[in-house]
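**Student:** What follows is a single structure, and I will ask about it in a moment.
Only the coordinates and a few stated rules stand behind these numbers; no lab work does. As the structure is a computational prediction, the values presented were derived from the model and not from experiment. We place every Cβ from the backbone using ideal geometry, glycine too, and count neighbours over all the protein chains shown.
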Amino acid sequence: MKVSLITRHAAINYGSLLQTIATQRSIESLGYECSVIDYVREDEDIWTIEKTLLASKPEWNGSALKRFLYLAMRQPSCVIAGKRFKAERERYLSLTRRYSSYDDLAGDPPEADVYMTGSDQVWGPVARGVYDSAYMLGFAPGGARKVAYAASFGKNHLDAGAAREMRERLTSYDAISVREDMAVEQLREWGIPSEQVLDPTLLLGADEWRALSRESGDSPGGGSPYALIYQIHNDRLLSSYAERAAKHLGLPLVRVSPYLHQVSRSGKLRYLPSVGHFIDLLASASCLITDSFHGTAFAISFNVPFVEVLPDTGTTGRAMSLLRMTGLQSRVLVDSDDVALAGAPVDFGEANRVLAEQRGRSLGVMKGLIEGC
């Protein structure tokens, strides 16, 4: 059986790429063929994404000069990173031809036995702030089997208009699984059955991720201890806390990012590492300080002590759902002066047991989604 997977695979974001790799490998491990639909909207490719994002930044839209400065600072780095991520996608993913619009995808969808919406914030707004029905399988041929694995709404709360459209689209699915407990509740309110499963990155064990890191051929391995900061959002509190926490631990602070502008923030920047090097940096850290869901997921997988700094973005449900599942809610930073949290020991025993159990169950759910049983 052939599965065509659509997900947010092309963002300049390590979590987005790694969850796609994990979904493809998990499907293939069950004995199916998997291709990732190479859907990259025209307003989200590496040449236009910064212009698209600029529209939602009023502080940079006051004048033509401000807009020019913003793009001059951001776009070159985005293009460089985008080309690196494109090469990584082509290395690790089985991609269809490129689709750049919904009409293109609906007019000539890839052939498949099953169409699957994958994980990440696929049912959340895209860069322009709108919802794209491609991620709700609106393009799939009539009568095709449509399923979702570990899909996420991203936002904690949906506005009424988005909710109405989404409910209508999702009722056409044959079966749905979601990543967060709050998504299960939302779908239940709409009368749509679903079940919660693991994020795809957690379907692969630590040894499998380390093998992928070695497979890349440029993973450094070893070295002196360090604290690592992996930051997605622009939050000065996180940078300040990480700097103070690293000092408390007596460790140098290393920062990993695909964006060069983070060189001005705390920590020695490891700029734009390969996927394998990124995995190695997380696995080898003595402590991780992050606002990233996938950063937290990898810290738990590798049993790396971590501090979760929840972003003020209305998207904290995904992190809290994972922390509740694994019993690690105490790793959320409540007091910005609590640098001792970074050095507090973490008992990963229960988390490891839960993940091992949920991994088997989630793979079973994936198999059922595809087989229709």
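**Student:** Of LYS2/LYS86; LYS155/LYS268; LYS86/LYS247; LYS57/LYS146; LYS66/LYS155; LYS51/LYS146, which ones are farther than 28 Å apart at the Cα?
**Tutor:** Listed pairs above 28 Å: LYS155/LYS268; LYS86/LYS247; LYS57/LYS146; LYS66/LYS155; LYS51/LYS146.
**Student:** Okay, next question. Give me the log10 of I(q) over I(0) for the stretch 205-257 at q = 0.16 Å⁻¹, as the Debye formula computes it from C-alpha points; what are the numbers?
**Tutor:** -0.65
**Student:** With the calculation restricted to Cα positions, what are the radius of gyration and Dmax of the stretch 260-371 in angstrom?
**Tutor:** Radius of gyration, then largest Cα-Cα span, for the stretch 260-371: 15.7, 51 Å.
**Student:** Just to be sure I understand the model, the point goes 7 Å from the Cα along the line to the Cβ. What's the resulting ARG91 to ARG236 distance in nm?
**Tutor:** Placing both labels 7 Å beyond Cα along the Cβ direction yields 3.7 nm.
**Student:** Quick check of the Kirkwood formula: for the stretch 121-219, what is the inverse mean of 1/r over all pairs of different Cα atoms, in Å?
**Tutor:** Evaluated on the stretch 121-219, it is 15.1 Å.
**Student:** Same structure, new question: Can you give the calculated 222 nm mean residue ellipticity of the chain, where each DSSP H run of n ≥ 4 adds -39,500 (n - 2.57) and the sum is split over every residue, rounded to the nearest 500 deg cm²/dmol?
**Tutor:** -13000 deg cm²/dmol
**Student:** Let me ask something else about it. Does the stretch 55-170 come out rounded, prolate or oblate by the C-alpha gyration tensor, with a ≥ b ≥ c the root eigenvalues, rounded set by a/c under 1.5 and, if not, prolate when a/b is larger than b/c and oblate if not?
**Tutor:** Oblate, since a/c reaches 1.5 and b/c is not below a/b.
**Student:** Sticking with this one: Using only the alpha carbons of the stretch 1-110, determine the length spanned along each of the three principal axes and report them from longest to shortest in whole angstroms.
**Tutor:** Principal extents (Cα only, largest first): 55, 29, 19 Å.
**Student:** Looking at the chain from every direction and averaging, what is the projected area of its Cα convex hull in nm²?
**Tutor:** If you wrap the Cα atoms of the chain in a convex hull and average its projections, you get 18.1 nm².
**Student:** If you build the convex hull over the alpha carbons only and average its shadow over all orientations, what do you get for the stretch 217-286? Give it in nm² to one decimal.
**Tutor:** Dividing the Cα hull surface by four gives the mean projection, 4.5 nm².
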